[in-house]
């Protein structure tokens, strides 16, 4: 499926970013400066690349078809699994944004802790979520959806990609990953270390 190839590539990009997020949090824990604008980049990336661009394609194109065509298993996997986790990711980002707003008014240790919790909660949850999608959800879709449905989803994803590429969405966020990785480096997550 073209659409899952694209989404897996986006997962790779997101995982790179999440390793940078972990490194940013470690920098602060080790006594480094908490650069508010850099943590706001996490909010921007999460909302506009991970969520609007990537989860948007999943929810509008692929997951709708899985829910409506793959019976109770498809419905449970999507409605009670993937979509719940998407909402949990959004909640972590809202928590991060609220903590940043408080920190910028008064730099209290509790707000710093809330910033780190929001950022790390997001990074940990989304890493696990991506692992499930790559290992379970996408292969299930590829096995179970009919070829005509796959063709329709692929076309919608292709059109969406062309439209967002023309607006420079992908380049903007790939550049953000590169510049933040250059500044903060990356920290492997525990899943990488334990494997």
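Where a number appears in this text, it was derived from the coordinates with a stated rule and is not lab data. What you see is a predicted model; the values in this text were computed from it and never measured. Don't worry about glycine lacking a Cβ; one is built from the backbone with ideal geometry, like all the others, and counts go over all protein chains shown.
The set of residues in segment 45-61 being farther than 15 Å from residue 10 by Cα and buried (at least 17 other Cβ atoms within 10 Å of the Cβ) consists of 61 alone. Where helices (runs of 4 or more DSSP H) sit wholly within segment 91-183, those with at least 3 residues that are over 15 Å from the mean Cα position of the chain (by Cα) and within 18 Å of residue 46 (Cβ to Cβ) occupy 109-132. Give segment 26-62 a look and list any residue that's under 22 Å from the mean Cα position of the chain (by Cα), within 21 Å of residue 114 (Cα to Cα) and free of Cβ contacts under 8 Å to residues at least 24 places away in the same chain, or say none. Those that are under 22 Å from the mean Cα position of the chain (by Cα), within 21 Å of residue 114 (Cα to Cα) and free of Cβ contacts under 8 Å to residues at least 24 places away in the same chain: 35, 37. Take the conditions (1) within 30 Å of residue 105 (Cα to Cα); (2) within 11 Å of the chain's Cα centre (by Cα); residue 23 misses just one of them, which is (2). Take residue 65 and tell me if it is surrounded by 18 or more Cβ atoms within 10 Å (Cβ to Cβ), assigned to a helix (DSSP H, G or I), over 18 Å from the mean Cα position of the chain (by Cα) and touching a residue at least 60 places away in the same chain (Cβ under 8 Å). Yes; evaluated as a whole, the condition is true for this residue.
Residues that are more than 30 Å from residue 73 (Cβ to Cβ) and without any contact (Cβ under 8 Å) to a residue 12 or more places away in the chain are absent from segment 137-147 altogether.
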